[in-house]
Structure formats: C-alpha cells, structure tokens
1. For helix A:178-202, report the angle its Cα long axis makes with the longest principal axis of the Cα atoms of chain A; keep it between 0 and 90° and round to the nearest 10°.
2. Can you pull the one-decimal nm distance between simple spin-label points at residue A:314 and residue A:163, each 7 Å off the Cα toward Cβ?
3. Report the residue, chosen from A:177, A:63, A:278, that carries the largest GNM mean-square fluctuation when chain A is represented by alpha-carbon nodes joined by springs under 10 Å.
4. Taking just the alpha-carbon atoms of the stretch A:29-162, what radius of gyration and Dmax come out, in angstrom?
5. Tell me the volume per residue, in Å³, of the convex hull enclosing the alpha carbons of the protein assembly as shown.
6. Nearest 10 degrees, 0 to 90: what angle lies between the long axis of helix A:82-108 and the longest principal axis of chain A (Cα atoms)?
7. Can you sort B:106, B:138, A:102 from fewest to most other Cβ atoms within 10 Å of each residue's own Cβ?
8. Rank these for me by crowding, B:176, B:158, going from fewest to most other beta carbons within 10 Å.
C-alpha cells in the first residue's frame, strides 16, 4: 500500500487519505505517549523516593539536616545529610569554577581561533574525553592525581592558608579530599560543557560578527560584543548539564575520596562525602532502614538538581528578549 | 571628515580564485558613488576591500593600493582595525546586535574605542539617531532591544551605529535589498542627507536607486563565469544612465544584457 502506481493511486485516493490520517494519529499518539511516559517516570521516581524516605525519616533519632553521622543501622539510628550536602555542593562548585572558564576558552579556540585543520581533530579529542568511563577517571584520580597533589596543596596551605578553607590541619597525608575531587570533576564535566558551548558559538550569525568587525573591533572585542552575549544562554545551559553530572557523579568520587565522614571546612583535609558517593559505598551493606535512609539522601540530591535547573531556566528567561532568537 | 578614496591596480582573491582584477578609480568626498553590475561581478567584494573587511574571510587577500587622502590602507604599518574605524559599513541585512539595547547598539563603536563618559555617549546617541532619522521613533525606548524594531528601523539603527564613530567614509552593501519600498525611501532620503558629511559608496542591484541617490556610478562586469570582475566605467550618474561611453554599460542599463 505504501508504493502504488499512478493508476492505483487515482483509484484509491480515499483509501490513501485514510491511511495518511491514520499515520498522523499513530504518530501523534506515539509522541504524546513518549511525553506522558516521561512525566510518569519522573513522578514514579519522586513518589518512590518520597515514600521510602518517609519510612526512614520517621525512625531517625537525629536531625536529618544537621547531623554529621551516617549510622542508620545502629541500635539507635542516627543519620544526617550535613556532610553530604556540603561535600556535594563544594566539590561541584570547585568543578564549575575550574571547568566553565576553561571550557568556554576551549570552545572559543575551536570555533573562532584555531585554523580549521586543527580545530576539527581538536574538537574530536575533547569529545573523546567524554567517552572515558567514570571508573577510569576515578582510578586515574587516586593513582595519579592524588599522589601529585601534595606540592599544590602544601603551596596553597602556605600561601592561601589564611583563607581558612585552604588551611591544612595535617600536611603530608594523601590528598583524598574535596579539593582533589573538585579538580577531577572539572576534568570530567569539561567535554560536555565544551561541546555544547562550541556548537552555540558556531551558530553566532556571521553578520553579527561582521557588524562588530566593521565597527573596528579586534578579534577579542568581536568575541566580546557579538559571540559571548549571543552564546550566554548556551553557556548557562551547558554549565547546568555539567553541573548535573558533577552533582551526581558517583564512582570516581567514591574512588578518590577518603572514607571518613567528618565535616570540615578545610577543603584540603582528607574526608568528606557526596550524596552519590555515600549511596554507592553504603548501599550493599545497608539494612532495610539503612537503605531507606539512603533513599532519603537520594531524594535530597534529586531536589537539589531540580532547583539548580530551575534557577538556570530563570536566569535564561530573564533576558529572553535579548537572546537573539528574534533576529 | 569625508576623505577622497583613490584606488589603483586593486585585485582581490578568495584563496587562489581572483574575484576582481586590476581596478582603479577615484571616489570623490562628500558625494554618493553607486556600484552597479550583475551578480558575481565583484562589486561587493570591491566594496569590502575599501575597509579591509574582505580579508576577514579565511584565505582572502588583496593586492594593490587604496589611498584614503594620502594614507595607503594596505600600507605595511596600517592596522586593519583602525581602518575600519574610519571607514564605516552598513550591510545588506540589518544586523543590530541582538543582545544589546538600541542605546548600546549606537554606542557600540565608541565603547570599543574606549569612550566611557555617559554625557558624551548620551550626546552621540541623540545626534546619531537624529542623523539616521530614527530619533523620534525610538527616543522613548532607547533601552529596549534593537532587534525589536522593524526591518527598516533596524537598518537605520545600523546606519546610526556606523555614523556614531564619525567615520570618513560610509560603505553600504545593498542596504535596502531586505526592505520594503517605504523603508527604502526613508534610507534613500537619509543617504541624500548624509552625503553632506561623508563620502558614501553604495552597492545596489536596483538601477533606479542608483539613478536616484548617486552622483557618480560605476558599472562592473565579468567576462564570463569563473572570470574575475572588472570595472567597466565610472562616470557621472546622469551620463551613465543617458549616454554611457561603453556599449556593455548601455546593454546592462537598458536590460539588453546577457
């Protein structure tokens, strides 16, 4: 029925119209179904996490938000997310502070500075970084990065120790700390931020770049007046994608971070934890209550991620009329 | 302001392809010179060599000399960025910066040149927008995005942006081809006013437009596909359209072309 000779086609005109309408209906329902499915899955995850969290939180003898310990399976179950929240946010923040400027720089280099024959392979190389499995990053982090951090951390202790956060209480211990994790996460989120911003920069209309050049802009001024403002929403979206990965990264963090759950504002001291890392480490040996407690921490991570994404949308929407979409 | 342009022996290339060949002409200050000719004859390319915008395309280069009064734009120590500050350009499609307000668009060139003083910028905005016949339409919404204006207003905004830096020369690359007749008329009137201050060069596909706005007209043509474009003749507009000295010009103008 799909292929028919002209004579056939004329004879079957009503039938064919019926077919194409059925096709429309099928496609419409398929795409609507896909959309609904997404909502259902999201709701199911949220509902499941909330239900299991509620079970655990009812038995918690400590304050869930401010408690440092994670001992839900003890006789007197006590667990809290203070260490995890701090570790997750701080390591992700360090990662973004390092990764976003570097990624924007790489993306600009690829899209506006490098000659094409260098830009192409270079872009491919950056994409390859995204294909490396997390565990490989984790192993590289613990076997290479940690032993090589001591020079940097003792330097920071000496010259930046006055900032308190870079003060090291004991020197010479392996750098299995939040700072190292932040650096590792920065490397891991670099390719995705680079790839997205690169594509956005490439889509800057040539006429806007020429407008800047014709006004007597140098290359950097052209980038500043035409490329970066146009790419701003894209840079934010890309950073959010990267941040999502940094917040949720599990195995690389678990490999690098020293397993001692003490909360410390000294980022160079070993220890600390993140939500995902904590779940991965504790889940196998957890009792039913312990598992529910981990679910509760998972719910918090889920909410944090939603909040971060929501904030990004607000930032992008606030300057919508200047987005360049109208041009 | 307003300087004479003297071009001699100019050729422009895209990679190894020669787009225009051995062009020499003199463009008088405080006048409008129109470039006409069939598509692909190199008139836009030639226009872009006059403010060194040609070379921003990878692989593009220029041979020859362009004198702006007594300064060679292609001299060894000349910075193309400085050239573009004194030779402004308006493009075929209106291209205000979409991320900037009307105000910021007008002062974009001044800000690049390091002017920061608010009182100076305010004065330039009013003067430039008035110069571009746009002030009355936008004076109450200077902080609204430039992309929200109509096409004709956007093009006048681009002209305001170009004249805000007080260039010697204003190059216009088919400035009305994306506009309706009313907006086109507004731009043409504006060109007539601007020529008292600037040297204006305009590329156009519309021969009536060339006849209406220009004092001098240059006809470009190419010998065939893949051949470089050449200047056929440059003369007073009236002469070009009534009694050109070259047969090819007359054929083109009277529509007996090709």
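Just so it is clear, none of the values below were taken in a lab; they were calculated from the coordinates. Nothing here was measured: the structure is a model prediction, and the numbers come from that model. Neighbour counts are summed over all protein chains in view; Cβ atoms, including those assigned to glycine, are modelled from backbone coordinates with ideal geometry.
1. Value to nearest ten degrees: 10.
2. For the pair residue A:314/residue A:163, the computed spacing is 2.7 nm.
3. Highest fluctuation among the options: A:63.
4. Over the stretch A:29-162's Cα set, Rg and Dmax evaluate to 22.6, 66 Å.
5. Measuring per residue, one finds 257 Å³ for the Cα hull of the protein assembly as shown.
6. Between helix and principal axis, roughly 50 degrees.
7. Least crowded to most crowded, the residues run A:102, B:138, B:106.
8. B:176, B:158
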